Amino acid sequence: MLHTVNKSPFQKNSFDTSLRLSRKGSDILLIEDAVYAALKDSAIAKTVKQAVTTHSIYVLEPDLMARGLQPARLIKGIQIVGYEGFVELAVKNDKVQSWL
Amino acid sequence: MGAIKKFMYINRTAPYGSIYSLEGLEVALIGAAFDQDVSMAFVDDGVFQLKKGQDTSKSGMKNFSLAYSALGDYDITKLYVEKESLQARGLTVEDLMPLTYEDQDDDYQEKPSIRVVDSEQLADIIAEQDVLLNY
Amino acid sequence: MTAFVEFNGRTYDTDEEGYLANLSDWSPEIADYMAKLDDCDLGDAHWEVINFLRAYYQKYQIAPAVRVLTKAIGKKLGKDKGNSKYLYQLFPYGPAKQACKYAGLPKPTGCV
Amino acid sequence: MKFGIVINEGPYQHQSSDTAYHFTKAALAAGHTIVRVFYYHDGVNNGNNLATPPQDDRDIVKRWSALSKEHNLDLVVCVAAAQRRGIVDADQAKRSGKHAENLADGFRISGLGQLIETGIEADRLMVFGD
């Protein structure tokens, strides 16, 4: 199952909820302001590092770039995809839940 | 129209502060006419939608909380409330409206629609759905 | 508002299809009058449905969908009345639209 | 594969309409089908042809109309949400006695039932919103 999150984790709890209400092994794609969750050294980096071990976490490249976040600043294990990759994730998973 | 799909409406917003919960309820009521397998989940601030005693007489808004009591008439009988979200907000199930439905398979017995489930149970229920809509 | 109904020396704002603009303007008399404008005489059977709709709206703040209406009417007034054929006989323009109009409920947005 | 797209936010205020647009384009480019794009909540404002963004910004409304024309997309604006927010086609304008209509090319106004049907018909329903 694919879960998308589009809120900054510093503003709303959508990322936390996506972790709480997804099964282990699910895909989570961070889009829009949720890409900030991928930053290393942030106040929530520990949670995200832990999540990388239980879920496959992806981040949307155009939204990273727009916000000036270089790949080197991301937590290890988070994978970068474009809109094509977003579509592929939606195809690969049999259902999609958007945590808004 | 083919096989019946499992539709779940996931409600995560509080009422009145935005229109999402009201327009989300409108979708559920309309969707009931399509004979799909419908359930609703109340998560995060969405649990506040079910708080009993809502009174909009001084705010000038429509008190649509009354409409949740009609969900049983629309055969929407599975309302999952996440335990962790309730607890995080200092609420218990006694704070919620006592919503019920008449079970046609059990001599129209009145049964509670609200089912309090923990995160893990709800994650499993969500994973079983076909179509997920969010309000 | 571009339309109105004149009744008993008063003007009531309505929409183009004759639904009352202000639900608080409703009275049994205006309901009778609106029905007469549609060539419909409201008898006891009509009033059973109208009163049911008003009570339902009072309780839940929504107008019931037609199948909810038929089920509930059947339960309350008897199985012979709990079907759409009976309701369409009373309200040939459709129980949701026509009965809601006379009952002073909001116009269904025609969502289905 | 058949995708259904739901957009719950208006243009410019929130990125969700942009994300939905790029996703839809990418899905079409990959050979997938779009069953319908359904606009709900403030998303109905994506169909407002009275919008006039500055020349140096993207024209979100026109962009949807153009994509619809190119790929024969069904763009549906929810009637209940549209009535609340004043998105009106010619027929609605006549019936509610409004002076103007403002529904953009390629869009049509219909009921919430279309959202449920999209969920039934599509293999994947994608929700974009706030």
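The values are calculated or read from the model by the stated rules, or taken from the named source; none is laboratory data. A quick note: this is a predicted structure, and the numbers were derived from the prediction, not measured. Note that we place each Cβ from the backbone using ideal geometry, even for glycine, and neighbour counts take in every protein chain shown.
The table for this structure:
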{"item": "Number of positions in the range C:32-48 that are part of a helix (DSSP H, G or I) and acidic (Asp, Glu)", "result": "3"}
{"item": "Filter result for the condition that a residue is surrounded by 15 or more Cβ atoms within 10 Å (Cβ to Cβ), of a type outside the set (D, E, K, R) and either within 13 Å of the chain's Cα centre (by Cα) or assigned to a strand (DSSP E or B) (or both), over B:Leu86, B:Leu66", "result": "B:Leu66"}
{"item": "Helices (runs of 4 or more DSSP H) completely within the range A:17-100 that count 2 or more residues being more than 30 Å from B:Asn11 (Cβ to Cβ), among the aliphatic types (A, V, I, L, M) and at pLDDT below 95", "result": "none"}
{"item": "Criterion: within 19 Å of B:Ile10 (Cα to Cα) and assigned to a helix (DSSP H, G or I) - qualifying residue of B:Ile126, B:Ile76", "result": "B:Ile126"}
{"item": "Residue list for the range D:1-37, filter: free of Cβ contacts under 8 Å to residues at least 60 places away in the same chain and of a type in the set (A, V, I, L, M, F, W, C)", "result": "D:Ala26, D:Ala27, D:Leu28, D:Ala29, D:Ala30, D:Ile34, D:Val37"}
{"item": "Answer from C:Ala99, C:Ala35 - the residue that is away from chain D (no Cβ under 14 Å), under 30 Å from D:Ala93 (Cβ atoms), free of Cβ contacts under 8 Å to residues at least 60 places away in the same chain and out of contact with any Asp or Glu (no Cβ under 6 Å at 6 or more places or on another chain)", "result": "C:Ala99"}
{"item": "B:Tyr101 vs. criteria aromatic (Phe, Trp, Tyr) and either closer than 21 Å to B:Glu26 by Cβ or within 14 Å of chain D (Cβ to nearest Cβ) (or both)", "result": "yes"}
{"item": "Residues being free of Cβ contacts under 8 Å to residues at least 60 places away in the same chain and hydrophobic (A, V, I, L, M, F, W, C) - total across the range B:85-135", "result": "11"}
{"item": "In the range C:93-112, residue modelled with the lowest pLDDT [restricted to those that are over 18 Å from C:Tyr60 (Cβ atoms) and part of a loop (DSSP other than H, G, I, E, B)]", "result": "C:Val112"}
{"item": "Among the candidates D:Lys69, D:Lys94, residue that is in contact (Cβ under 8 Å) with a residue 12 or more places away in the chain, surrounded by fewer than 20 Cβ atoms within 10 Å (Cβ to Cβ) and either within 11 Å of chain C (Cβ to nearest Cβ) or in a helix (DSSP H, G or I) (or both)", "result": "D:Lys69"}
{"item": "Residue match in the range B:38-46 (condition: assigned to a helix (DSSP H, G or I), within 11 Å of another protein chain (Cβ to nearest Cβ), closer than 30 Å to D:Asp123 by Cβ and under 10 Å from the mean Cα position of the chain (by Cα))", "result": "yes"}
{"item": "Within the range A:83-100, tally of residues that are without any contact (Cβ under 8 Å) to a residue 40 or more places away in the chain and more than 7 Å from chain D (Cβ to nearest Cβ)", "result": "2"}
